[in-house]
Amino acid sequence: MTAPASLTALKGIIFDLDGVLVDTAQFHFRAWKRLAGELGIPFTAHDNEALKGVSRRDSLEHILALGKVSLTEEEKNGRMAQKNAWYLELVNELTPDDMLPGAKSLLDELRTCGVRIGLGSSSRNAELILQKLNISGYFDGVVDGNKISKSKPDPEVFTLCALHYLHTQPSDTIVVEDARSGVEAARAGGFFCVGIGHLPQADMVIASLEQINATLLDQALQAYRSV
């Protein structure tokens with residue numbers, strides 16, 4: 001058996017969930033589009049891009065603003081609950097086979113190397129999704145929409161995860177994100193950020209998790225901290 005890599009800089013890593021470990025973005029889009037349709041608001045895939053990494057409430061407010069629709073607080077709560085119910089119907093169909101390419105092997109390697117692993121997501125359903133994917137046991141800390149008061153691009157989700165759950169510092173912890181708001185949150189918190197997709201704001205940009213491993217992440221963090 002190959003000995004685990006010896007890492008010098010990387011102590012912790014925090015993954016976003018949707019679009020990083022699993023793609024449930026289409027589930028969110030289908031649920032929000034259904035809700036928008038009931039309100040008579042046109043809602044396209046392009047409109048949905050603005051909701052990536054954004055809380056449920058802020059997403060609803062964005063859609064209402066698109067259609068210039070006003071709702072009472074009670075109506076907003078009802079609409080958010082309905083959207084979540086539609087979303088959960090789709091989430092319940094998830095299996096471990098739905099993990100994105102490279103995700104499971106990277107988690108295995110990071111665990112073998114002794115890196116503490118966290119999840120930092122605005123989703124309020126993160127724990128359920130991890131259970132459906134059968135990867136809950138990999139995470140030393142999970143901070144989701146139920147544990148934060150400020151949404152990305154505020155860094156609260158990442159700083160809380162690192163300091164209180166992983167017991168690491170931003171200087172030795174990497175964040176992996178797929179949304180601009182998440183990258184901004186990571187940078188604001190002092191974290192080195194790996195961006196998946198077209199995210200030039202990130203410190204390192206990759207097409208998928210298949211392109212990185214623990215050694216490459218450790219080397220990238222070392223180089224970043226030495227500048």
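The values are calculated or read from the model by the stated rules, or taken from the named source; none is laboratory data. Just so you know, these numbers come straight off a predicted model, no measurement behind them. Glycine also receives a Cβ, built like all others from the backbone with ideal geometry; neighbour counts cover every protein chain displayed. With ligands, DNA and RNA removed, areas are computed over all heavy atoms of the protein, side chains included. Shrake-Rupley method; radii C 1.70, N 1.55, O 1.52, S 1.80 Å.
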Margin query: If the reach is capped at under 17 angstrom between alpha carbons, list the aspartates and glutamates near LYS68, excluding any in the same chain fewer than eight residues apart.
Written below: GLU38, ASP47, ASP58
Checklist line | Rounded to whole Hz, the Karplus (6.51, -1.76, 1.60) HN-Hα couplings of the stretch 207-214, x for glycine and proline | finding: 8, 7, 5, 5, 8, 10, 9, 4
Next item on the list: Report the net charge of residues surrounding GLU73, where surrounding means a beta-carbon distance below 12 angstrom and charges are Lys +1, Arg +1, Asp -1, Glu -1.
Entry: 0
Checklist line | Residue-count net charge about GLN169 - beta-carbon cut-off 14 Å; Lys, Arg +1, Asp, Glu -1 | finding: +2
Check: Given a 1.4 Å probe and the protein chains all in place, what does the accessible area of SER70 round to, in Å² to the nearest 10?
Finding: 110 Å²
Notebook entry, point to check: How do ARG124, ARG57 stack up against each other in accessible area, from largest to smallest, with a 1.4 angstrom probe?
Noted result: ARG124, ARG57
Notebook entry, point to check: Residues with amide H under 5 Å of VAL142's amide H, sequence separation 5 or more or different chain, H placed in the peptide plane at 1.01 Å from N; which?
Noted result: LEU119
Check: Out of residues 5 or more away from ARG116 or on other chains, whose amide H comes under 5 Å of its own, with H placed 1.01 Å from N in the peptide plane?
Finding: GLY12, ILE13
Notebook entry, point to check: How high is the relative contact order of the chain, given as a whole-number percent (alpha carbon pairs under 8 Å, six or more residues apart)?
Noted result: 27 percent
Next item on the list: Can you sort ARG225, ARG180, ARG56 by 1.4 Å-probe accessible area, starting with the largest?
Entry: ARG180, ARG225, ARG56
Check: For the stretch 68-150, which chymotrypsin sites (Phe, Trp or Tyr not before Pro) are in a loop by DSSP, counting at most 11 other Cβ atoms within 10 Å?
Finding: none
Notebook entry, point to check: Whole-Hz Karplus ³J(HN,Hα) for the stretch 22-37, in order, using 6.51 cos²θ - 1.76 cosθ + 1.60 and θ = phi - 60°, x for Gly and Pro?
Noted result: 8, 9, 9, 4, 5, 5, 4, 4, 5, 6, 5, 5, 5, 5, 4, x
Next item on the list: Could you pull the accessible area for LEU39 with a 1.4 Å probe, rounded to 10 Å²?
Entry: 40 Å²
Notebook entry, point to check: Over the stretch 101-176, what is the mean sequence separation of C-alpha contacts under 8 Å (at least six apart), divided by residue count, expressed as relative contact order in percent?
Noted result: 29 percent
Check: Under the rule of -39500 (n - 2.57) per DSSP H run of 4 or more residues, summed and divided by the residues of the chain, what mean residue ellipticity at 222 nm is obtained, to the nearest 500 deg cm²/dmol?
Finding: -12500 deg cm²/dmol
Notebook entry, point to check: How much accessible area does CYS161 have with a 1.4 Å probe, in Å² rounded to the nearest 10?
Noted result: 0 Å²
Checklist line | For VAL22, distant residues with modelled amide H under 5 Å away | finding: LEU100
Next item on the list: Work the Kirkwood hydrodynamic radius out for the chain: mean of 1/r over every pair of different alpha-carbon atoms, inverted, in Å.
Entry: 18.0 Å
Notebook entry, point to check: Which sequence of HIS198, HIS164, HIS28, HIS46 reflects their accessible areas, 1.4 Å probe, from the largest down?
Noted result: HIS198, HIS46, HIS164, HIS28
Margin query: List the lysines whose Cα sits under 18 Å from the Cα of LYS104, skipping any in the same chain fewer than 8 residues away.
Written below: LYS132
Margin query: Please list, in order along the stretch 106-119, the HN-Hα scalar couplings obtained from phi with the Karplus expression 6.51 cos²θ - 1.76 cosθ + 1.60 (θ = phi - 60°), rounded to whole Hz, x for Gly and Pro.
Written below: 5, 4, 4, 5, 4, 5, 4, 7, x, 6, 7, 10, x, 10
Check: For the stretch 53-166, what relative contact order do you get, as a whole percent, if you take Cα pairs closer than 8 Å and at least 6 residues apart?
Finding: 28 percent
